[in-house]
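The values are calculated or read from the model by the stated rules, or taken from the named source; none is laboratory data. Not measured: the values here are computed from a predicted model. Neighbour counts are summed over all protein chains in view; Cβ atoms, including those assigned to glycine, are modelled from backbone coordinates with ideal geometry. With ligands, DNA and RNA removed, areas are computed over all heavy atoms of the protein, side chains included. Shrake-Rupley method; radii C 1.70, N 1.55, O 1.52, S 1.80 Å.
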Amino acid sequence: MKGTAQGRIVLVSHSREVGGAELHVERLAGYLVGQLRPSHRLELMCRPDPVLDAWAARMAAVGVVVHRLGLRGPRDLWRMVRILGGARLVHLHLAHPVGKYQWAAALAARTTGRRIIATHHLAPDIRGLALGERRRALWFSAVRLMLRVVNRHIAVSEYAKRILTSIYDVKPERVSVIYVGTDPRRFAPVGAAERSQLRDELFGGLTPGLSRDASLVCSVARLSPQKGLQDLVEAARQLKGDLPAATYVLIGDGEWSSKLRGDIAKSGLDGIVRLAGNLPPPEVARWLQVADVFVLPSHFEGGPATALMEAMAAGCAVVGTRVSGSEELIPGPDVGVLVEARQPEALATAIRQLLEDPDLRARLGHQARERVVSGFDIRNCHAQTLDLYRSMLAR
């Protein structure tokens, strides 16, 4: 990269929660900090919400300069302009495509002449959203206008690129497909002896006395309508009589926590379906290493879900839904099982098949890991993003 003075590259995250997009930003930043030094300094601009405190602290700990900024009035807007106006490059991470925070950041960067990259962690087809016609038209116009001020776009799947180019008229040559990816070294299978020991430890912490022979169905997701976990709860209810040894552990937190607890109680699944809350990544990896089946029943995604990749990297047999490019990660039945979204009966059938067939689980788990290692290694994602940065900074 040219220049002797230290340039500034600012990542912008508008989220009020820590989900897959934010974890991607954290991992990407950890890689970029070392690669960009000494010519460029990496910074993050994000909201001041307390739920982001630990995430922002982890970013600062690896050397990212963190700006906590709300958007409550002209003073905040002026501060945003000052932060972005001095940057060599602004990288927007869009977990949702439209809102005043990301709108203000895009316009502040554009009006000060900054070059802008946007990663679309969610690129929804406007035609599939439940909106009134007037609201749909306003939403659509706002998204198209914001996308026009962006110089380059990163789509996290071929599906997302098709949405950007066909629905929102983004020029194909301005869109790069870079999968989010995961680290197959961090999420790796363990041997039989270590797996047995881990199960004893994790099950003992969950419920003392839970049999080591229990079948474990695991999910890692934000507790929100998008992730479809209510469908998994219903599938568990349907399987309760046929698979009495099955235990379901749902890792994550979110606005639907209370609703899901109510659904679990109403379905008579207390002690069978357990909400484990947010867990640190190393502990999530441990759960994936001991799970018999991993299920992610999303109603929509921005691309192949990170949680699915992590489970596959850990050698777990997976069940997902046929949404938003999931076929790019699971291209056939020799890698994993895909069912239609919003179909608890189909989820139940897939879970039953896998729990009753250990040989099938083992084959799918092996092929799933091979798929992630060959096509979704996070190191490739990071290198491709750095190459895009370099091409933008050289102009």
Residue among Thr119, Thr165 that alone is open to solvent by 20 Å² or more (accessible area, probe 1.4 Å), at negative phi and of a type in the set (Val, Ile, Thr): Thr165
Pull up segment 16-43, narrow it to residues that are part of a helix (DSSP H, G or I) and β-branched (Val, Ile, Thr), then point me to the one that is surrounded by the fewest Cβ atoms within 10 Å (Cβ to Cβ). Val33
Which condition number in (1) surrounded by fewer than 18 Cβ atoms within 10 Å (Cβ to Cβ); (2) modelled with pLDDT of 95 or more; (3) of a type outside the set (D, E, K, R) is the one that Ala394 fails? (2)
Scanning segment 344-379 for residues that are open to solvent by 80 Å² or more (accessible area, probe 1.4 Å), farther than 14 Å from Ala317 by Cβ and touching an Asp or Glu at 6+ places or on another chain (Cβ under 8 Å) gives Arg379
Could you pull out the residue among Trp139, Trp55 that is surrounded by 13 or more Cβ atoms within 10 Å (Cβ to Cβ), in contact with an Asp or Glu (Cβ under 8 Å, 6 or more places away or on another chain) and touching a residue at least 24 places away in the same chain (Cβ under 8 Å)? Trp55
Here's a check for you: in segment 154-208, which residue that is polar (S, T, N, Q) and either closer than 21 Å to Ala314 by Cα or outside any helix (DSSP H, G or I) (or both) is nearest to the chain's Cα centre (by Cα)? Thr182
Could you tell me whether segment 375-386 includes any residue that is of a type in the set (Gly, Ala, Ser), in a helix (DSSP H, G or I) and farther than 25 Å from Thr247 by Cβ? yes
Search result, residues across segment 189-235 that are of a type in the set (Gly, Ala, Ser), open to solvent by less than 20 Å² (accessible area, probe 1.4 Å) and over 17 Å from Gly302 (Cα atoms): Ala214, Ser219, Ala235
Residue satisfying condition, being open to solvent by 60 Å² or more (accessible area, probe 1.4 Å), of a type outside the set (D, E, K, R) and either in contact with a Pro (Cβ under 6 Å, 6 or more places away or on another chain) or in a helix (DSSP H, G or I) (or both), within set Leu107, Leu147: Leu107
Which one is nearest to the chain's Cα centre (by Cα) among residues in segment 268-291 that are closer than 17 Å to Gly254 by Cβ and β-branched (Val, Ile, Thr)? Val284
Going through Ser15, Ser39 one at a time, which residue ends up being among the hydroxyl-bearing types (Ser, Thr, Tyr), more than 22 Å from Trp78 (Cβ to Cβ) and over 21 Å from the mean Cα position of the chain (by Cα)? Ser39
Report, by residue number, each residue of segment 72-99 that is within 18 Å of Arg114 (Cβ to Cβ), in contact (Cβ under 8 Å) with a residue 24 or more places away in the chain and not in a strand (DSSP E or B). Leu77, Met80, Val81, Ile83, Leu84, Gly85, Gly86, Ala87, Arg88
If the requirement is being β-branched (Val, Ile, Thr), touching a helix residue (DSSP H, G or I) at 6+ places or on another chain (Cβ under 8 Å) and modelled with pLDDT under 95, which of these qualifies: Val12, Val51, Val18, Val62? Val18
